[in-house]
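The values are calculated or read from the model by the stated rules, or taken from the named source; none is laboratory data. This is a predicted model, so every value here is computed, not measured. Glycine also receives a Cβ, built like all others from the backbone with ideal geometry; neighbour counts cover every protein chain displayed.
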Ligand code: ADP
Ligand code: MG
């Protein structure tokens, strides 16, 4: 079942397009991470879905209710959305319990629901505290409890971990993922951190300059990025020039297989993930430098001759088994991804 459906959504500020024709469907119970650099339009997209911004065109449907189209703009408070803004999510003058109770109907179940939500986010016992008596991470937990309490049809989280230390983040990430799964919430989390998107989301949407460039499962985004920009944004990418022909691509690492069979007789850029490479006997590459980090090592190498030289770095577990100056072979495991270069024929 589709929890959220967005069609051709556009929004501009002062004549500048900030959201450009964005469209996607989100199935019920899934988490979508919108991943993109600062300023690409992530917050504006969330605020448009929540009803705090009025888009210029397009349509938004939550469940089977059309909450926005060119004739209709349903008020934010009627959309059944839980929203955790980037900062200042809690009312500073209300206690933790009052914050969580805020959106709940005044009935006999109210207190019980507050306690249930605080337990879900690991904040039982903090009911009487004021927001300023909590750490950043604790505040985010309470903000999540408050957003989840009315059982929203859709939960929107704007960079929920950006104000926290790295150590705290990992734990809170896990706890929030658990809380969302347990409450079977459908959610959108906005982040500029690819590790956060990959570790939490069922679906990732990569955004750039107001465009939703690619939306797919994390593994698809990683192994088959739509363009070079996505490829380098979501992980380390080794890029070498090549020539696609006869269903293969020839490059300094040899003749490799790829899946873009429609690209033929063309200059291409070959994208290889570092973990696809293994070192073996041979003379493809020259070791430039090795750096030992304990749990793994970085091996920097060059491939090819002077005019056509490129560098490649890979990580190996433990101690490096090669040293500076060694000539080695490099095996590429699995398919590579190729991108046609302009004026490539
Ligand atoms: P992100 O959350 O990805 O960092 P935003 O959605 O906050 O991006 O902003 C996208 C662009 O829209 C930015 O260039 C920002 O300056 C602009 N913008 C956002 N809100 C407004 C506003 N209320 N008025 C004018 N420009 C805005
Ligand atoms: Mg933002």
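A few comments on the model shown:
- Lone unmet requirement of (1) over 30 Å from residue 129 (Cα atoms); (2) within 16 Å of ligand 1 (Cβ to nearest atom); (3) without any contact (Cβ under 8 Å) to a residue 60 or more places away in the chain for residue 75: (2)
- Among the candidates 77, 87, the residue that is at pLDDT below 95 and within 16 Å of ligand 2 (Cβ to nearest atom) is uniquely 87.
- Scanning segment 23-50 for residues that are touching a strand residue (DSSP E or B) at 6+ places or on another chain (Cβ under 7 Å) and either assigned to a helix (DSSP H, G or I) or not assigned by TED's automatic domain parsing to the domain that holds residue 185 (or both) yields 42, 43, 44, 45, 46, 48, 49, 50.
- Scan of segment 229-248 for residues that are in a strand (DSSP E or B) and over 30 Å from the mean Cα position of the chain (by Cα), ordered by number: 243, 244, 245, 248
- Segment 20-39: number of residues that are buried (at least 23 other Cβ atoms within 10 Å of the Cβ) and near ligand 1 (Cβ under 8 Å from one of its atoms): 1
- One residue stands out among those in segment 130-187 that are within 23 Å of residue 76 (Cβ to Cβ) and within 16 Å of ligand 1 (Cβ to nearest atom): the one that is surrounded by the fewest Cβ atoms within 10 Å (Cβ to Cβ), which is 162.
- Candidate set: segment 68-86, residues that are within 28 Å of residue 140 (Cα to Cα) and out of contact with any helix residue (DSSP H, G or I) (no Cβ under 8 Å at 6 or more places or on another chain); chosen: the one surrounded by the most Cβ atoms within 10 Å (Cβ to Cβ): 85
- Just one of the listed residues (279, 314) is outside any loop (DSSP other than H, G, I, E, B), buried (at least 19 other Cβ atoms within 10 Å of the Cβ), within 29 Å of the chain's Cα centre (by Cα) and not assigned by TED's automatic domain parsing to the domain that holds residue 211, and it is 314.
- Filtered residues of segment 93-110 (kept if touching a helix residue (DSSP H, G or I) at 6+ places or on another chain (Cβ under 8 Å) and at pLDDT below 95): 102, 103, 104, 110
- Contact annotation: no residue pair with Cβ atoms under 6 Å, 6 or more positions apart or on different chains, pairs a residue in segment 158-170 that is outside the structural domain of residue 46 (by TED's automatic domain parsing) with a partner that is outside any helix (DSSP H, G or I) and more than 16 Å from ligand 1 (Cβ to nearest atom).
- Residue 155 being in contact with a helix residue (DSSP H, G or I) (Cβ under 7 Å, 6 or more places away or on another chain) and modelled with pLDDT under 95: no
- For the criterion of being without any contact (Cβ under 8 Å) to a residue 24 or more places away in the chain and either in contact with a helix residue (DSSP H, G or I) (Cβ under 8 Å, 6 or more places away or on another chain) or assigned to a strand (DSSP E or B) (or both), residue 297 passes.
- For segment 1-15, the set of residues classified as under 18 Å from residue 54 (Cβ atoms) and either within 16 Å of ligand 2 (Cβ to nearest atom) or not in a strand (DSSP E or B) (or both) consists of 11, 13, 14, 15, listed by residue number.
- Residues being in a helix (DSSP H, G or I), closer than 24 Å to residue 172 by Cα and touching a strand residue (DSSP E or B) at 6+ places or on another chain (Cβ under 8 Å) - total across segment 193-228: 6
- Residue satisfying condition, being closer than 24 Å to residue 21 by Cα, within 16 Å of ligand 1 (Cβ to nearest atom) and either assigned to a strand (DSSP E or B) or in the same structural domain as residue 130 (by TED's automatic domain parsing) (or both), within set 66, 53: 53
- Complete set of residues in segment 95-134 that are assigned to a loop (DSSP other than H, G, I, E, B) and free of Cβ contacts under 8 Å to residues at least 24 places away in the same chain: 105, 106, 107, 108, 109, 124, 125
- Residue 58 at pLDDT 95 or above, at positive phi, in the same structural domain as residue 201 (by TED's automatic domain parsing) and within 13 Å of ligand 2 (Cβ to nearest atom): no
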